[in-house]
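*Asks:* This is the structure I want to talk about, given as structure tokens.
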Amino acid sequence: MLSCSQSTEYYLKRGNSFFIAGDYYKAINIYTTAILKDPTYADAYFYRAMAYERISDKTKAIDDYIKTITYNPTYIAAYNNLASIYIESSLYDKALYYIEKSLEINSSYRYAYYNRGLVYYFTKKYLDAIKDFTKAIELSEKKMYIAYYYRALSYLKLSMPLEAIKDINYLIEKGNESDVIYYTLAKIFYNTNNFNSAIENINKAINIKEDANYYYLRAKINEKLNEIIQAIDDINKAIKLSNFSRVNYFYYAADLYLKLKEYANAKRYCDMALEIEPSSKGEYEIRISAIKSKTKVK
């Protein structure tokens, strides 16, 4: 701990320099020094809270954000960060409380509308979510791209794929090309039976990052395109990337092998699925019954 011979502003700046460098524990120590000099120093509590967030200590972060607004009731970013923590913890009523408080301070605070949009999205109030994401976008001088993404997801939940595609394509046009963006676009096209566009976008996602979910979706797309061998290759990659943990992947692989009339392989994947999750016996029996109706494999 540094001695308290300097000003509180000095310690705040020193703490910030360590925060920027990613040395969060040292930053916390220095912010604490500032607080020891002035126990009502809201800025030091705020930045210490952010440092606690970086080391995943949300309890201490919440305590410090509350102290921030105790000593400075108009510290709008603290309300916003509290709301974000509660959203991550699925405590939506608490999140809404702090969002509304921030809007009382500034009715044009775009982050409050974005966070409230998230609350509405996660509580399945999709029309309200779209309204708030749109407001956040309108209030942002530099477009809030994450709001476009969640607005697209909200449109999807309301079975409005054209609007969702428009938002996703806007993100791509603005350079926000990521595996998640292309995966989302692939899902939209899959759900609207546009399998050629779906395969094009899932390939782009996989070229950026290999992920079990991506290979699973590509397997389903390839099945729709009647590329069963490719679908089997994809689902096996998904199984491997998921560390052999997702029972639905095994049952899906069994279904594909059934289509190819490879009954021994179908049964083998069913057996593996049942071993992973004995409670899936109902699904197991359905497929085993189908296999037995076509072969003597037991």
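The values are calculated or read from the model by the stated rules, or taken from the named source; none is laboratory data. Since the model is a prediction, treat every value here as computed from it, not as a measurement. Cβ: placed from backbone, ideal geometry, glycine included. Neighbour counts: every protein chain shown.
*Asks:* Here is a check on your reading of the model: is Ala164 surrounded by 17 or more Cβ atoms within 10 Å (Cβ to Cβ) and either within 27 Å of Cys270 (Cα to Cα) or touching a Cys at 6+ places or on another chain (Cβ under 7 Å) (or both)? Reasoning before the result, please.
*Replies:* Details: surrounded by 17 or more Cβ atoms within 10 Å (Cβ to Cβ): yes; either within 27 Å of Cys270 (Cα to Cα) or touching a Cys at 6+ places or on another chain (Cβ under 7 Å) (or both): no.
No.
*Asks:* While we're here: Given the conditions (1) of a type in the set (Phe, Trp, Tyr); (2) within 19 Å of Ala42 (Cα to Cα); (3) in contact with a Lys or Arg (Cβ under 9 Å, 6 or more places away or on another chain), and given that Tyr126 satisfies all but one, which numbered condition is not satisfied?
*Replies:* (2)
*Asks:* Scan segment 52-62 and give yes if some residue there is outside any helix (DSSP H, G or I) and among the aliphatic types (A, V, I, L, M), otherwise no.
*Replies:* Yes, because at least one residue in segment 52-62 is outside any helix (DSSP H, G or I) and among the aliphatic types (A, V, I, L, M).
*Asks:* What are the residues in segment 82-97 that are touching a residue at least 24 places away in the same chain (Cβ under 8 Å) and buried (at least 16 other Cβ atoms within 10 Å of the Cβ), if any?
*Replies:* Ala83, Ser84, Ile85, Ile87, Tyr92, Ala95
*Asks:* Looking at (1) surrounded by 20 or more Cβ atoms within 10 Å (Cβ to Cβ); (2) more than 21 Å from Tyr111 (Cα to Cα); (3) in contact with a Ser or Thr (Cβ under 9 Å, 6 or more places away or on another chain); (4) not charged (D, E, K, R), which is the one condition that is false for Tyr79?
*Replies:* (2)
*Asks:* Being surrounded by 17 or more Cβ atoms within 10 Å (Cβ to Cβ), among the charged types (D, E, K, R) and more than 34 Å from the chain's Cα centre (by Cα) is the filter here, so list the residues in segment 263-292 that pass it.
*Replies:* Within segment 263-292, just Lys267 meets the criteria.
*Asks:* Taking the condition within 21 Å of the chain's Cα centre (by Cα), more than 24 Å from Asp132 (Cα to Cα) and without any contact (Cβ under 8 Å) to a residue 24 or more places away in the chain, does Asp57 pass?
*Replies:* Numbers: within 21 Å of the chain's Cα centre (by Cα): yes; more than 24 Å from Asp132 (Cα to Cα): yes; without any contact (Cβ under 8 Å) to a residue 24 or more places away in the chain: yes.
The answer is yes for Asp57.
*Asks:* Looking at the structure I just gave you, is Tyr216 in contact (Cβ under 8 Å) with a residue 24 or more places away in the chain, buried (at least 16 other Cβ atoms within 10 Å of the Cβ) and farther than 22 Å from Asn191 by Cα?
*Replies:* Values: in contact (Cβ under 8 Å) with a residue 24 or more places away in the chain: yes; buried (at least 16 other Cβ atoms within 10 Å of the Cβ): yes; farther than 22 Å from Asn191 by Cα: no.
Spelling it out, it is not the case that Tyr216 is in contact (Cβ under 8 Å) with a residue 24 or more places away in the chain, buried (at least 16 other Cβ atoms within 10 Å of the Cβ) and farther than 22 Å from Asn191 by Cα.
*Asks:* Still on this structure: Output the qualifying pairs, or none if there are none: Cβ atoms under 6 angstrom, residues six or more apart or on different chains, first residue in segment 7-23 and surrounded by 13 or more Cβ atoms within 10 Å (Cβ to Cβ), second residue acidic (Asp, Glu) and assigned to a helix (DSSP H, G or I).
*Replies:* Here the result reads Leu12/Asp43, each pair linking segment 7-23 to a residue that is acidic (Asp, Glu) and assigned to a helix (DSSP H, G or I).
*Asks:* Just checking, does segment 245-252 include any residue being outside any helix (DSSP H, G or I), among the basic types (Lys, Arg) and at pLDDT 95 or above? Walk me through how you get there before you give the answer.
*Replies:* Taking segment 245-252 first, the residues outside any helix (DSSP H, G or I) are 245-246.
Still in the running and among the basic types (Lys, Arg): 246.
Cutting the leftovers down to at pLDDT 95 or above gives us 246.
The answer is yes, given that some residue of segment 245-252 is outside any helix (DSSP H, G or I), among the basic types (Lys, Arg) and at pLDDT 95 or above.
*Asks:* Turning to a different aspect of this structure: Can you work out which of the residues in segment 112-161 that are among the acidic types (Asp, Glu) and surrounded by fewer than 23 Cβ atoms within 10 Å (Cβ to Cβ) is nearest to Ala95 (Cα to Cα)? I'd like the intermediate steps shown before the answer.
*Replies:* Filtering segment 112-161 for residues among the acidic types (Asp, Glu) gives 128, 132, 138, 141.
Still in the running and surrounded by fewer than 23 Cβ atoms within 10 Å (Cβ to Cβ): 128, 138, 141.
Details: Asp128: 16, Glu138: 22, Glu141: 25 Å.
The residue in question is Asp128.
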